[in-house]
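Take a look at the structure set out below.
Read the figures in this text as sums done on the coordinates, not as results from a lab. Here the structure is a predicted model, which is why all the values come from computation and not from measurement. Cβ sites come from the backbone with ideal geometry, for glycine too, and all protein chains shown count toward neighbours.
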């Protein structure tokens, strides 16, 4: 049987290590007789790159799933909030009709409220048409 050679005593100065290495890190002593070749370094680099890509892909997939879950919940909150605002506006319109009824009668009060709502809708439609015309003009102009 062959004679065993003693383990070399390799000490690593903590100042040579990156700052994010744990305190209890104990690097394996390198065999001084064997130097890594360029091919070994490239294989190590390729393996590290592959690990990084896999970890990044897993992280981005996880983040996308979490974002989608939050987006769904946000959409539900938005839908409920808009439904409540819609109901509040209906209550306001009904209350306005009730408030005007003793002064002008129920039919005229209904007519006044409907007329005001239609006038508001007409103003908004005219503004919408102006904006759509502006958008159409931006895409129909010929550039020199």
As an exercise, use a Förster radius of 22 Å and the Cβ-Cβ distance of residue 51 and residue 73 to find the FRET efficiency, rounded to the nearest 0.05. 0.10
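For residue 82 and residue 107, FRET efficiency with R0 = 35 Å and r from the beta-carbon atoms, rounded to 0.05?
Efficiency for this residue pair is about 0.65.
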Quote to one decimal, in nm, the extra length available between residue 99 and residue 129 on full extension: 0.36 nm per residue of separation minus the C-alpha distance between them. 7.4 nm
Under a plain spin-label model, where a point goes 7 Å from the Cα along Cα-to-Cβ, how far apart in nm are residue 140 and residue 122? 2.5 nm
As an exercise, take the mean of 1/r over every pair of distinct alpha carbons in region 36-138, invert it, and state the Kirkwood radius in angstroms. 20.2 Å
